[in-house]
Amino acid sequence: MVTSLLSTDDLTQARALLEATGLQFETPYDDLVGIFAAGRLVAVGARQGRTLKMLAVAPSHQGGTLLDEVVTELVGRGYQEGVDSFFIFTSPALAPNFETLNFNLLAASGKTALLEYGDGLKRYLTRYTRLIRPGNNGAIVANCNPFTLGHRHLVEQAAAAVDQLFLFVVREERSLFPFVARMRMAQDGTADLPNVTVIDTSWYAVSSITFPTYFLKDGDPGGAIQMELDLLLFAQRIAPHFHVKSRFVGSEPLCGTTAAYNEAMHRILPPLGIEVRETERKNADQQPISASRIRDMLLRGELEGIAELVPVSTLDFLLSSEGIKIWDKGGAK
Amino acid sequence: MKIVKKAQAGTMQSSDLMVFLEPAETLNVTIESTVLKQFGALIRAKVDEMLQKHGIDAGEVRITDRGALDYAIEARLETAIMRGTEG
């Protein structure tokens, strides 16, 4: 029977089992479960948000149904918590074990494979099928936190170079501005450009699944692998559906993580048939326009300079009562 | 009858299936199976029959199957439907 692992002894056994199978005990997690045989832990697994991890079965008990039972329990509990799609990172050699459980392989690079339970990617792509006009299309993936004149400049240049431009707004809720607000700023800021279509990335591009370090500060070495998965998934599964043949990106002089992501794009996308076009950042006052600069100004209450950095539509939103609530937390400082 | 709340039944073990139900405006059934090529049509027919039997005309129905036999499909769907429709 699958049970929650809660006591100190449970956790000690879980750690030992994971380490014996070459894995690490990684906190945090939302759920940690296992199966005991004669008082000894023989199978373990955990869920953190949408990701299943720390899945291990003792060598003496492999070949049976223990993994199935653990994954069933984690998915069942997760579903009750409101999670409707689940992801697993594993080595490509172990991916078939999960494919027999109806996990689908999304992308695989050297040492890591990313699998998804259910057909979320297919449903995501199908949702946008009616908006796609086949042609020489392009894509931009951006957080738009908030939508700036820098974004606008990149979108204009890209839109002029392709038949249809998809502006993918990052779905993840890890930014100052909530997704709905970022989506609306992107839509309002590009409404006059007829060949620009604004859509969301769901979990499949620059998300906490495909690219968790995007939301952290610089310098996590594990981020490199996940950047690769993010780009492979984009090139192999997302771009073909949208007839996207070029990805547009602004040069990144400020943020190390984004600069490394741009560099990975140049390395990974062209061999897979996606051209990468990097545009020089738009400057204001000899400084590149960046969303983080605007967030800093907002949080410091320096509103005067912002009008020169964002489109009118974004300024209207920032100064609306809804917008003020977002950046003026707890009254002006 | 409508699916009024999220419900789930079944397991991921071999010869079993997992059923996920969610409220939705229309009836939408998706089936994934390790034996979809061989038995997809038969699984679909059985699922439709069960939904019809319980008069389910709206809801999101997602099934991931690992070669379950007819009576397993019936039992898992019936359980999920009872969980997803009761007050």
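The values are calculated or read from the model by the stated rules, or taken from the named source; none is laboratory data. Note that the structure is predicted; figures quoted are calculated from it, not measured. When we count neighbours, we look across all protein chains shown, and the Cβ atoms used for this are built from the backbone with ideal geometry, even at glycine. Each accessible area value is taken on the protein alone, full model and side chains, heavy atoms only, with ligands, DNA and RNA left out. Shrake-Rupley method; radii C 1.70, N 1.55, O 1.52, S 1.80 Å.
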statement: To the nearest Å², the heavy-atom accessible area per residue of chain B with 1.4 Å probe amounts to 51
query: For the residue pair A:GLN286 and B:ASN28, what label-to-label distance in nm results when each label sits 7 Å from Cα along the Cα-to-beta-carbon direction?
result: 5.4
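Rounded to the nearest 5, what % of the DSSP beta bridges within segment B:7-85 are antiparallel ones?
Values: 10 of 17 bridges.
Of all bridge pairs located within segment B:7-85, approximately 60 percent are antiparallel.
State the percentage of accessible surface on the protein assembly as shown attributable to carbon and sulfur atoms; use a 1.4 Å probe and exclude ligands, DNA and RNA.
Values: 10150 of 19230 Å².
Answer for the protein assembly as shown: carbon and sulfur cover 53 percent of the accessible area.
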message: Give me the Å³ per residue figure for the convex hull around the C-alpha atoms of the protein assembly as shown.
response: 182
message: Under the rule a/c < 1.5 gives rounded, and otherwise a/b versus b/c splits prolate from oblate, where does segment A:33-121 land using the Cα gyration tensor?
response: oblate
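Taking the Cβ-Cβ separation of A:ASP31 and A:VAL180 as r and a Förster radius of 30 Å, what is the calculated FRET efficiency to the nearest 0.05? Kindly include the intermediate steps, with their values, before the conclusion.
Details: r = 29 Å, r/R0 = 0.95.
Taking R0 as 30 Å, the efficiency between A:ASP31 and A:VAL180 is 0.55.
Take every residue in peptide A:71-82, count the Cβ atoms of other chains within 10 Å of its Cβ, and give the average of those counts. Present the calculation step by step, with values, prior to reporting the outcome.
Working: counts 4, 7, 2, 1, 6, 7, 1, 1, 6, 3, 0, 1.
The shielding value for this peptide is 3.
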message: If I fit a long axis through the Cα atoms of helix A:8-20 and take the longest principal axis of the Cα atoms of chain A, what angle between them do I get, 0 to 90°, rounded to 10?
response: 80
task: Taking 7 Å along the Cα-to-C-beta vector as the label spot, tell me the A:ASP296-A:ALA16 distance in nanometres, rounded to one decimal.
output: 5.2
Residue-averaged 222 nm ellipticity for the protein assembly as shown, from DSSP H runs of 4+ at -39500 (n - 2.57), nearest 500: -11000 deg cm²/dmol
query: Gaussian network model of chain B, Cα springs within a sub-10 Å range: biggest mean-square fluctuation belongs to which of B:ALA41, B:ALA72, B:ALA24?
result: B:ALA41
message: Once you place label points 7 Å from the Cα toward the Cβ at B:ARG44 and A:HIS61, how far apart are they in nm?
response: 4.0
query: In segment A:261-320, which GluC sites (Glu not before Pro) fall in coil by DSSP and have 11 or fewer other Cβ atoms within 10 Å?
result: A:GLU302
field: Residue among A:ARG293, A:ARG277, A:ARG171 with the largest mean-square fluctuation in a Gaussian network model of chain A, springs linking Cα atoms under 10 Å
entry: A:ARG293
- request: Using only the Cα atoms of segment A:1-43, build the gyration tensor, take square roots of its eigenvalues as a ≥ b ≥ c, and label the shape rounded, prolate or oblate: rounded if a/c is under 1.5, else prolate if a/b is larger than b/c, else oblate.
  value: oblate
task: With a 1.4 Å probe and every protein chain left in place, work out the accessible area per residue of chain A in Å², rounded to a whole number.
output: 45
- line: Heavy-atom accessible surface buried between B and A, both sides counted, 1.4 angstrom probe, nearest 100 Å², is 1700
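What GluC sites (Glu not before Pro) does segment A:1-103 have in DSSP loop regions with at most 16 other beta carbons within 10 Å?
A:GLU26, A:GLU81
Would you mind telling me the antiparallel percentage of the DSSP bridges in chain A, rounded to 5?
Within chain A, antiparallel bridges account for around 60 percent of the total.
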statement: Here the residues of segment B:1-24 whose accessible area is at least 40 Å² smaller with all protein chains than in the chain alone (probe 1.4 Å) are B:LYS6, B:GLN8, B:MET12, B:GLN13, B:PHE20
- request: Could I get the Rg over Rh figure for segment B:7-85? Both from C-alpha atoms, Rh via Kirkwood, rounded to two places.
  value: 0.93
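Kindly state, to the nearest 0.05, the FRET efficiency for A:SER320 paired with A:ARG123, given R0 = 25 Å and r defined as their beta-carbon distance. Could you put the intermediate results ahead of the total?
Details: r = 33 Å, r/R0 = 1.33.
Efficiency at R0 = 25 Å is approximately 0.15.
Tell me the trypsin sites (Lys or Arg not before Pro) within segment A:103-162 that lie in a loop according to DSSP and have at most 16 other beta-carbon atoms within 10 Å. Intermediate results must be reported in sequence, preceding the final value.
Values: sites: A:LYS111, A:LYS122, A:ARG123, A:ARG127, A:ARG130, A:ARG152; in loops: A:LYS111.
Here the trypsin sites (Lys or Arg not before Pro) that fit, given the DSSP loop and packing criteria, are A:LYS111.
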- prompt: With axes computed from alpha carbons, what is the tilt in degrees of helix A:223-233 against the longest principal axis of chain A, rounded to the nearest 10 within 0 to 90?
  reply: 80
message: What whole-number distance in Å separates the alpha-carbon centres of segment A:3-51 and segment A:117-159?
response: 39
task: Would you tell me the accessible area of A:HIS61, worked out with a 1.4 angstrom probe on the heavy atoms of the protein chains, in Å² to the nearest 10?
output: 70
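Hey, any idea what the orientation-averaged projected area of the convex hull of segment A:2-84's Cα atoms comes to, in nm²?
Reported value for the Cα convex hull: 5.1 nm².
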